Amino acid sequence: MIKIAPSILSADFARLGEEIKAAENAGAHLIHVDVMDGHFVPNITIGPLVVDAIRKVTRLPLDVHLMISDPDKYLKDFISAGADILTVHLEATAHLHRTVQAVKEGGIKAGVSINPATPIWSLDDILGDVDIVLVMSVNPGFGGQEFIPNTIRKLKLLRKKISEAGSPALIEVDGGVKPENAMEIASAGADILVMGSAFFKSADYAATMEKLNGMLGN
Ligand code: DX5
Ligand code: ZN
């Protein structure tokens, strides 16, 4: 099954709890939480306090995407706040292996994300340690950007590497994903599709999920 992870970055923040419940009721599989620090990316969003608050309104796994410099400083805070998956950027940490181990020692799933210009081969020596690889299909920082077509080539290469390594790691794709390109992205190897604007700006979340589940053969 290809999972859909609505990104709350495009939700109505004044009604965040309701928005998350609506996504859950519509059949979303995970809730994607974009954490930005105004340093690693040119935008500031939310922190552990918000993760703690939304943990109480949904039973869906919280998929927390840290777009922050020096993520090691905050891993414990996000784990205690209730993250189920914690993904750090390869470009944001000096000792990626140590960071990934620290997340796993916290008893949750560890993800590593790469920016559009970071090659798949840079993951070679961490693939065996991660639960999820998050391939950015836009430059991180903002919702509503266009999907970068080269991502398809990267996904195919990553899928091949993961199969060859016999790794159980899942592939997640984030940025510019919408019903119009979901099938092509899934066919290239993605297991989880993050969807911000295409989900939360749609008129009917349940209809959006139904359409996606239908086309993805879920
Ligand atoms: C971008 C974020 C994404 C973003 C995706 O920096 O990591 O999760 O919310 O938004 P859309 O789906 O609108 O491109
Ligand atoms: Zn994200």
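The values are calculated or read from the model by the stated rules, or taken from the named source; none is laboratory data. For clarity, every value in this text was computed on a predicted model and none was experimentally measured. For neighbour counting, all protein chains shown are included, and Cβ atoms are generated from backbone atoms with ideal geometry for every residue, glycine included. Please note that ligands, DNA and RNA were not included when accessible areas were found on the heavy atoms of the full protein model with its side chains. Shrake-Rupley method; radii C 1.70, N 1.55, O 1.52, S 1.80 Å.
Cross-link pairs exceeding 22 Å between alpha carbons, from the set LYS56/LYS211; LYS73/LYS104; LYS3/LYS156; LYS160/LYS211; LYS104/LYS156: LYS56/LYS211; LYS160/LYS211; LYS104/LYS156.
Return the FRET efficiency for the residue pair ASP204, ASP52: r is the Cβ-Cβ distance, R0 is 25 Å, and the value is rounded to the nearest 0.05. Walk me through the intermediate numbers first.
Working: r = 30 Å, r/R0 = 1.19.
Using R0 = 25 Å, I get an efficiency of 0.25.
Considering only ILE152, HIS97, ILE126, and ranking their Cα positions along the charge dipole of the chain that arises from unit charges at the beta-carbon of Lys, Arg, Asp and Glu, the one farthest toward the positive end is ILE152.
Over region 3-216, what percent of the accessible surface lies on carbon and sulfur atoms, probe 1.4 Å?
Working: 4940 of 9270 Å².
The value for region 3-216 is 53 percent carbon and sulfur by accessible area.
Less than 5 angstrom separates the built amide H of LYS3 from those of ILE192, LEU193, all sequence-distant by 5 or more or on a different chain.
For a test of the definition: using alpha carbon positions, the gyration tensor, and the 1.5 limit on a/c, classify region 104-170 as rounded, prolate or oblate.
Numbers: a/c = 2.39, a/b = 1.34, b/c = 1.78.
The shape class here is oblate.
From the helices alone, meaning DSSP H stretches of at least four residues, give me the mean residue ellipticity at 222 nm for the chain, per-run term -39500 (n - 2.57), in deg cm²/dmol to the nearest 500.
Numbers: 8 runs with 76 residues, N = 218.
So the calculated ellipticity at 222 nm is -10000 deg cm²/dmol.
Applying a DSSP loop filter and a limit of 10 other Cβ atoms within 10 Å to the trypsin sites (Lys or Arg not before Pro) in region 46-93 leaves LYS56, ARG59.
The distance separating the Cα centre of region 100-161 from that of region 1-62 comes to 19 Å.
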